[in-house]
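Note sheet for the following structure.
All of the numbers you see were taken from the coordinates with simple rules; none came from a lab. Here the structure is a predicted model, which means the values were calculated and not measured. Here the Cβ is made from the backbone with ideal geometry for all residues, glycine too, and neighbour counts use every protein chain on show.
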Amino acid sequence: MDGTIVDTEPYWMRAETDLVAEHGGVWTEADGMQLVGSGLVQSARILQQAGVALEVDEIIGAPTDRVMVQIEQGVPWRPGARELIAELREAGIPIALVTMSIRRMALQVAAAIGEGVFDVVIAGDDVEHPKPHPQPYLLAAERLGVDIGDCVAIEDSEFGLVSAVASGAATIVVPLHLALHDGPTHELWPTLDGRTVADLGAALERHHHRATGA
């Protein structure tokens, strides 16, 4: 979600910087990049190490509340994301939203796209093992009722990329704030702008060929 459908990383950076400053610390852009795509508990512990004197649950909630306020004021959509989602819906292809943000924030963004757009929402507080573990994507496929090998995952972060590839999904990375590259286990698309369902189908076919060695 964050970085693929919406670019909320500047919102998170602002919220984290303010939170750390309120506890007498300093938060840099490099610090913020450590959290991109990571699990909620891991992120909270890094913020504790930066001097935030709150419990993990409190830290998870505090920046999320601040980011949600910013989203209410304006949703920073990523190019091509809503258009591709709309085409998937028109084609009757089920979609899961797999994010390490907490569920109430995921539902806020989902609602901004439209009611019933996602068949399944897997959030950070829904899984025992967050990204880079494959569990989030495996759980999404299970709830969609499809084989993970017949799924296409679109990611923007290193943690997300590792999670998606490990799950067995055909993986496309659309990097935003991190330098990620094409590789034997995944494809790199510079943007979703102009991409179609046919492009996703072709990526899935290439994934099947790699898996079978054909």
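Under the classification rounded if a/c is under 1.5, otherwise prolate if a/b is larger than b/c and oblate if not, where does the chain fall, given a ≥ b ≥ c as square roots of the Cα gyration tensor eigenvalues? Intermediate values should be presented prior to the final figure.
Details: a/c = 1.88, a/b = 1.65, b/c = 1.14.
Verdict is prolate for the chain.
Relative to the longest principal axis of the Cα atoms of the chain, helix 135-144 runs at roughly 50 degrees.
Run the quick spin-label model on Ala211 and Glu22: label points 7 Å from Cα toward the beta carbon, then report their separation in nm to one decimal. Taking the simple label geometry, Ala211 and Glu22 are separated by 4.5 nm. A straight chain from Glu58 to Gln34 at 0.36 nm per residue would run longer than the Cα-Cα distance by 6.7 nm.
Which value, in debye to the nearest 20, describes the size of the charge dipole of the chain about its Cα centre when Lys and Arg Cβ atoms bear +1, Asp and Glu Cβ atoms bear -1, and nothing else is charged? Mind showing how you got there, number by number?
Working: 13 positive and 32 negative charges, 48 e Å.
Once rounded to the nearest 20, the dipole reads 240 debye.
Fully extending the segment from Gln49 to Glu142, taken as 0.36 nm per residue of separation minus the present Cα-Cα distance, adds 29.9 nm.
Listed from fewest to most Cβ neighbours within 10 Å, the set Trp77, Trp27 follows the order Trp77, Trp27. Relative to the dominant Cα principal axis of the chain, helix 158-167 is inclined by about 40°. Between Leu97, Ala166, Ala140, the Cα set farthest toward the positive side of the dipole of the chain (charges on each charged residue's Cβ, about the Cα centre) is that of Ala166.
Say R0 is 22 Å: what FRET efficiency, to the nearest 0.05, do Ala111 and Glu87 get from their beta-carbon distance? Each step should come with its number before you reach the end.
Details: r = 20 Å, r/R0 = 0.90.
Here the calculated transfer efficiency is 0.65.
Given R0 = 45 Å, the distance between the Cβ atoms of Asp199 and Gln73 translates into a calculated FRET efficiency of 0.85.
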